[in-house]
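For reference, the structure is listed below as structure tokens.
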Amino acid sequence: MFRPPRGMKDLYGIDFRKYDYIVRTAQKVAEKYGYEMISAPIIEHTEVFQRAIGDNTDIASKEMYTFLDKGGDSITLRPEGTAGVIRAIVTNSLTQNLPVRLMYYGEMFRYDRPQKGRYRQFRQLGVEYLGDKSPYTDSITIATASEILNAIGIFDFEILVNSLGDDETREAYIKAIVKYFSRHKNRLSQDSQIRLQKNPLRILDSKDRGDIEICSMAPRIMDYFSKDAGNYFDKVCELLEKYGVKYEVDPFLVRGLDYYSHTAFEFKPTKGEYKDSIGGGGRYDKLLSQFNGPDVSGIGFAFGIERLMLLLDNQKFKGNIRRVAVTPVTDKENDIAFELFKTLHACDIAAEFLHVGNLSKKMKVADRLNCEITLLIGENERANGTVTVKFMNVADEARKTKEVNINEIVGFIKYALERS
Ligand code: AMP
């Protein structure tokens with residue numbers, strides 16, 4: 001038996017319907033906030049991600065699907081959406097008219113350890129907003145993300161926010177945490193000992209239990225904010241309150257990527273079994289200049305679509321096309337039933353033509369396809385110029401079936417579907 005590669009899943013049935021619904025709903029909300037769609041390539045030159053994400057992050061150092069193509073170029077399957085979109089913005093000089101507001105969705109790839117809600121191929125939807133660097137834009141962007149969740153039907157989540165400050169802040173803060181973690185170096189995990197040398201901020205992201213305990217007593221970034229960074233963050237919080245967006249400040253939220261400055265945020269479910277992050281984002285100041293683009297600041301966020309799918313009720317996604325089954329009783333009625341099937345489709349009624357097997361098999365298929373109505377044509381109906389309409393979900397025998405003239409059947413079905 002062939003299986004997909006580890007950590008990758010076939011998406012179909014209820015899951016595909018959920019995926020499609022999430023993307024479409026998010027797109028509607030994003031359009032209201034002025035976003036347009038962009039689709040960048042799934043693979044980019046490896047350097048695009050190395051520059052954007054930072055060489056010393058877990059994603060770039062361990063999780064990227066990177067290989068040489070036939071021309072000998074190093075290419076990488078995108079592990080996240082921002083880097084490619086920013087590269088596309090610079091390539092196409094889209095910053096000539098600011099603000100630029102783009103939404104994307106699609107497959108991402110990370111060579112991670114698969115578990116519930118964590119796959120090697122997964123899907124994200126996200127937005128990038130370039131141009132205005134202000135607490136207003138940050139709070140509007142967080143509100144957009146929150147509205148997307150609400151529109152999808154997800155209400156039980158918390159929003160964690162923090163600020164990574166400006167260069168001055170981060171310089172002072174990194175000095176302080178290097179000093180702190182160096183004192184606890186021997187108790188840090190192997191990975192975090194390396195991070196201490198290469199990228200100390202990332203220790204705060206560690207999932208290792210011992211590291212988490214040491215992190216809980218670490219210095220907090222707000223104690224190192226420059227005046228500007230402090231004012232900026234206070235204003236973001238004030239505006240979120242004005243917006244009525246509930247949030248918690250998480251002083252250790254640094255997010256897994258290197259490109260953030262100032263506002264960073266993350267969304268976590270508060271009900272049910274699944275507790276891991278469903279999405280997050282933040283402001284970035286230097287990402288465009290990494291691609292030799294103009295000095296324009298941006299803010300963005302991304303949601304993990306599979307994680308949002310985990311929070312949606314299966315019941316609502318059973319498939320809601322109301323189908324009519326056109327069922328000849330024997331092969332002799334096939335042609336007349338086929339004509340009726342064609343007429344129904346021409347009148348925009350979703351119909352099935354069930355002509356294979358005996359009648360009991362056809363009725364079983366009608367049931368399995370959730371057909372609400374079966375139209376039976378047998379010898380009698382053929383002789384009378386009629387169709388027997390059978391309402392599959394009606395229990396009352398007197399109302400379950402009705403013989404209708406074949407010339408009146410379209411109007412009858414439309415009326416019946418409207419009322420049910
Ligand atoms: P990140 O780009 O790491 O900030 O991830 C943004 C969101 O993508 C996370 O909050 C998750 O919802 C989702 N995500 C990240 N990695 C995975 C994965 N391996 N499998 C499924 N979803 C993921």
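The values are calculated or read from the model by the stated rules, or taken from the named source; none is laboratory data. Given the structure is predicted, the values throughout are model-derived calculations rather than measurements. Neighbour counts run over all protein chains shown; Cβ positions are idealised from the backbone, glycine included.
Couple of notes before you dig in:
- Residues in segment 1-45 that are surrounded by 13 or more Cβ atoms within 10 Å (Cβ to Cβ), among the charged types (D, E, K, R) and not in a helix (DSSP H, G or I): 2 in all.
- Selection of segment 91-147 for residues being aromatic (Phe, Trp, Tyr) and either in contact with a helix residue (DSSP H, G or I) (Cβ under 7 Å, 6 or more places away or on another chain) or surrounded by fewer than 17 Cβ atoms within 10 Å (Cβ to Cβ) (or both) yields 104, 105, 111, 119, 122, 129, 136.
- Annotation for segment 299-312: no member residue is away from the ligand (no atom under 16 Å from the Cβ) and at negative phi.
- Scanning segment 46-57 turns up no residue that is in a helix (DSSP H, G or I), under 20 Å from residue 151 (Cβ atoms) and among the polar types (S, T, N, Q).
- Residue among 234, 205, 211 that is of a type in the set (D, E, K, R) and within 14 Å of residue 263 (Cα to Cα): 234
- Any hit, segment 89-99, residues being under 19 Å from residue 283 (Cβ atoms), polar (S, T, N, Q), in contact with a Leu (Cβ under 8 Å, 6 or more places away or on another chain) and more than 12 Å from the ligand (Cβ to nearest atom): yes
- For residue 319, the criteria (1) modelled with pLDDT of 95 or more; (2) part of a loop (DSSP other than H, G, I, E, B) hold in every case but one, which is (1).
- Long-range neighbours under 9 Å by Cβ, at least six apart or interchain, first residue basic (Lys, Arg) within segment 116-132, second assigned to a loop (DSSP other than H, G, I, E, B) and near the ligand (Cβ under 6 Å from one of its atoms): 118/110; 118/112; 120/110; 120/112
- Of the residues making up segment 206-224, those that are in a helix (DSSP H, G or I) and of a type in the set (Ser, Thr, Tyr) are 216, 224.
- The lone exception for residue 83 - which of (1) small (Gly, Ala, Ser); (2) surrounded by fewer than 20 Cβ atoms within 10 Å (Cβ to Cβ); (3) under 23 Å from the mean Cα position of the chain (by Cα) it fails: (2)
- Restricting segment 242-260 to residues that are at pLDDT 90 or above and either surrounded by 21 or more Cβ atoms within 10 Å (Cβ to Cβ) or more than 14 Å from residue 160 (Cα to Cα) (or both) leaves a set whose member that is nearest to the ligand (Cβ to nearest atom) is 253.
- Residue, modelled with the lowest pLDDT, within segment 280-291, restricted to residues that are in contact with a helix residue (DSSP H, G or I) (Cβ under 7 Å, 6 or more places away or on another chain) and more than 15 Å from the ligand (Cβ to nearest atom): 290
- Residue match in segment 361-370 (condition: in contact with a helix residue (DSSP H, G or I) (Cβ under 6 Å, 6 or more places away or on another chain) and either under 18 Å from residue 323 (Cα atoms) or surrounded by fewer than 16 Cβ atoms within 10 Å (Cβ to Cβ) (or both)): no
- Check on residue 75, under 25 Å from residue 112 (Cα atoms), away from the ligand (no atom under 16 Å from the Cβ) and among the β-branched types (Val, Ile, Thr): yes
- Filter result for residue 293 (assigned by TED's automatic domain parsing to the domain that holds residue 106 and within 22 Å of residue 254 (Cβ to Cβ)): no
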